[in-house]
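Data block below; observations after.
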Amino acid sequence: MVTIPTVTLNDGTPFPQLGLGTYKLTGPEGVDAVVAAVESGYRLLDSAVNYRNETEVGEAVRRTGIREDLIVTTKVPGRDHGFDETIRSAQGSLQRLGLDRIDLYLIHWPNPRIDKYVSTYRAMLALRDEGKVGSVGVSNFTAAMLTRLIDETGVTPAVNQVELHPYFPQAHLRAFHAEHGIRTESWSPLARRSELLTEPVIADIAAARGVTPTQVVLRWHTQLGSTPIPKSADPARQIENADVFGFELSDDEVAAISGLERGRLWDGDPDTHEEM
Ligand SMILES: NC(=O)C1=CN([C@@H]2O[C@H](COP(=O)(O)OP(=O)(O)OC[C@H]3O[C@@H](n4cnc5c(N)ncnc54)[C@H](OP(=O)(O)O)[C@@H]3O)[C@@H](O)[C@H]2O)C=CC1
Ligand SMILES: O=C(O)C(=O)[C@@H](O)[C@H](O)C(=O)CO
């Protein structure tokens, strides 16, 4: 079993430095995969209404028997933006999860064209006051959107989950997060596998350190101060992915990996992408 260290969020909650992505983990195999990850040491689980797997994630949580040790994340979809809609959306998520609290609740995408993310966020804060939500955060927010949320509500999100991998290192946004005490979470941290894991710079560092390319990439995330949430359905790969806290990359190695920057994986620009 791997021990995944924690950091403390701006609301005082201990938060793992690495978690499990669950997009595409569905059905009985999905439940098994989430249970295997928790048995290997994962404590942070990332779900969403739009992954259609909250039922599976909740069932896995109950099967592990350590519900209180876990941080279960879900996300408000674009079609549920707005104060009352978000309250109803959370009720649906709690029902499907079969839990009495969402530990980390995120706005999945800002959808600025419909312009309801501030009232959505206010509803999430109300849910937190009621004890139905633990930490409140966002996903795919730009620095300008974060500034607006903070200015209009006086509450800084605990987390911003964004696209982040060596092809898209997000230096400016990470600096904004560091300045405001927002924890960065990296989605698609392995760049959905793609050709990233065969990049020579990564393969060379892995060979020199006696670790795998995947471990080099995930260690890079943690040293940037971000929590990666790699998805794997395979118990052996889950362990490989979590076992990144026993070695350290040099500053030069971190910089060389960041040098792979070339842009987003797909057209997921929060200023224009609409996801309902
Ligand atoms: N907030 C947002 O808008 C978004 C959030 N997310 C979240 O981020 C999570 C992770 O991102 P995701 O897009 O899934 O992509 P990842 O970058 O985590 O890559 C997942 C892919 O890598 C493979 N893989 C995992 N570990 C290894 C390994 N050790 N060796 C080789 N291949 C490996 C997986 O296959 P296998 O399962 O077979 O191991 C899968 O094909 C999602 O599951 C979701 O929770 C993702 C996109 C957007
Ligand atoms: O997986 C998610 O959380 C998303 O927001 C989706 O947009 C997803 O990344 C996707 O598959 C888009 O092609």
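The values are calculated or read from the model by the stated rules, or taken from the named source; none is laboratory data. Quick caveat: nothing in here was measured; it's all calculated off a predicted structure. Cβ atoms come from the backbone with ideal geometry, glycine included; neighbour counts cover every protein chain shown. Just so you know, the surface numbers come from the protein's heavy atoms only, side chains and all, with ligands and any DNA or RNA stripped out. Shrake-Rupley method; radii C 1.70, N 1.55, O 1.52, S 1.80 Å.
Quick notes
- In this structure the amide hydrogen of Gly82, modeled in the peptide plane, comes within under 5 Å of the amide hydrogens of Thr120, none closer than 5 places in sequence on its chain.
- Annotation: amide H of Asp103 within the under-5 Å range of Val72, Gly134, sequence separation 5 or more or interchain, hydrogens built in the peptide plane.
- When you count the other C-beta atoms within 10 angstrom of each residue and take the mean per peptide, 147-156, 113-122 line up highest first as 113-122, 147-156.
- Taking the empirical scaling 2.2 N^0.38 Å for compact globular proteins as reference, the stretch 1-146 has a Cα radius of gyration ratio of 1.01.
- Dipole size of the stretch 6-258 about its Cα centre, with +1 on Lys/Arg Cβ and -1 on Asp/Glu Cβ: approximately 600 debye, rounded to the nearest 20.
- Phi-derived couplings, Karplus 6.51 cos²θ - 1.76 cosθ + 1.60 at θ = phi - 60°, listed residue by residue for the stretch 260-276: 6, 3, 8, x, 5, 6, 8, 7, x, 7, x, 6, 10, 5, 10, 10, 9 Hz, with x used for Gly and Pro.
- Relative packing of 210-221, 187-198, which averages over residues the other C-beta atoms within 10 Å, highest first: 210-221, 187-198
- Other-chain or far-sequence residues with amide H under 5 Å of Ser139's (modelled H): Ile107, Gln161
- Taking every C-alpha pair closer than 8 Å and separated by at least 6 residues, the mean separation divided by the residue count of the stretch 113-177 gives a relative contact order of 29 percent.
- Three-way shape call for the chain based on the alpha-carbon gyration tensor, with the a/c threshold at 1.5: oblate
- Residue-span extension gain [Glu261 to Glu152] - 0.36 nm each, minus C-alpha spacing: 35.9 nm
- Where both bridge residues fall in the chain, DSSP classifies roughly 15% of the beta bridges as antiparallel.
- Accessible surface, the stretch 6-258, averaged per residue in Å² (probe 1.4 Å): 39
- Value at 222 nm in deg cm²/dmol, rounded to 500, when DSSP H runs of n ≥ 4 in the chain each add -39,500 (n - 2.57): -12500 deg cm²/dmol
- Computed from backbone phi, the HN-Hα couplings of the stretch 153-162 come to 10, x, 10, 7, x, 6, 9, 10, 8, 9 Hz, rounded to whole numbers (Karplus: 6.51 cos²θ - 1.76 cosθ + 1.60, θ = phi - 60°; Gly and Pro given as x).
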